[in-house]
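See structure below.
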Amino acid sequence: MDHFSTTRLTAERLNESHLVDLVALHLDAEVSRYLGGVRPAETTKTYLATNIAHWDQHGFGLFVLRTKDGAFAGRAGVRHLLVDDVDEIEIFYAFKREFWGQGLASEIADALTEIGLSKLELPSLIGVVYAGNVASRRVLEKSDYLLERNAIRHGNDVVIYRKQR
Ligand SMILES: CC(C)(COP(=O)(O)OP(=O)(O)OC[C@H]1O[C@@H](n2cnc3c(N)ncnc32)[C@H](O)[C@@H]1OP(=O)(O)O)[C@@H](O)C(=O)NCCC(=O)NCCS
């Protein structure tokens with residue numbers, strides 16, 4: 001479960017060496033627009049530690065994504081998320097801007113869904129998206145996630161999608 005490949009991407013388990021790429025990704029205002037805003041390096045350092053701990057505890061989590069020639073493309077994963085006191089498992093993904101609009105998020109969403117529902121045998125997966133993040137909503141819809149409800153998270157309007165096993 002530490003790594004997988006899709007047609008155009010490789011995914012490797014998060015580790016300390018990924019900090020520099022993740023800091024740069026999170027400092028891009030366009031990328032972070034629907035991720036709670038630009039994150040200073042210190043915040044990403046904490047984010048890295050939290051997500052490494054998630055791997056250690058659960059055996060799955062955040063992957064760093066690369067093109068087949070080894071270039072850092074983004075991050076994505078499967079992880080626990082507390083939603084209104086319910087322990088859910090979400091899929092999530094974020095790409096560097098230069099990689100948008102090529103269907104890569106859909107490719108990775110399908111792979112994460114397969115991992116969550118078939119390999120981990122979870123009963124369902126969710127995706128939580130800012131209501132205005134049309135591209136991400138479309139990614140979930142293309143992977144057959146169904147709109148479940150609207151919610152407010154950290155003061156933001158979000159939509160929750162779900163796919164059942
Ligand atoms: C959201 C994100 C992951 C999408 O990645 P991507 O690789 O460009 O997505 P895909 O190409 O697989 O699919 C995007 C779909 O949304 C559509 N889309 C994109 N922008 C759109 C817009 N403004 N309005 C309507 N549809 C839009 C695309 O046309 C495509 O659908 P289609 O295949 O039916 O044409 C990428 O923009 C990103 O990394 N954003 C920053 C981080 C982020 O917001 N992550 C999601 C957090 S929930």
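What net charge is computed for the residues neighbouring Lys96, neighbours being all others with C-beta under 12 Å from the C-beta of Lys96, Lys and Arg scored +1, Asp and Glu -1? Walk me through the numbers before you get to the answer.
Working: positive: Arg66, Arg75, Arg97; negative: Asp21, Asp28, Glu30, Glu98.
Its environment carries a net charge of -1.
Grab the other residues whose beta carbon is less than 14 angstrom from that of Gly132, score K and R as +1, D and E as -1, and report the net.
Value of the local net charge: +2.
So what's the back-of-envelope 222 nm ellipticity for the chain, counting only DSSP H runs of four-plus at -39500 (n - 2.57) apiece and dividing by all residues, rounded to 500?
Details: 5 runs with 50 residues, N = 165.
Only helices count here, giving -9000 deg cm²/dmol.
Which of the lysines could a cross-linker bridge to Lys163, judged by Cα under 23 Å and excluding same-chain residues fewer than eight apart?
Of all the lysines, those that pass the test against Lys163 - Cα under 23 Å, at least 8 places apart if same chain - are Lys119, Lys142.
Provide the net charge surrounding Leu14, with neighbours chosen by a C-beta distance below 14 Å and charges set as Lys +1, Arg +1, Asp -1, Glu -1. The partial results should precede the final answer.
On the way: positive: Arg13, Lys45, Arg66, Arg75, Arg79; negative: Asp2, Glu12, Glu16, Asp21, Asp56.
Here the charged neighbours net out to 0.
Which lysines have a Cα less than 21 Å from the Cα of Lys68, not counting those fewer than 8 places away in the same chain?
Correct list for Lys68: Lys96.
Below 12 Å, Cα to Cα, which aspartates and glutamates can Lys45 reach? Residues fewer than 8 away in the same chain don't count.
Those aspartates and glutamates meeting the cut-off are Glu16, Asp21.
Read-outs throughout are calculated quantities, based only on the coordinates presented, and are distinct from any laboratory measurement. Quick caveat, the model's predicted, so the values are computed rather than measured. Glycine also receives a Cβ, built like all others from the backbone with ideal geometry; neighbour counts cover every protein chain displayed.
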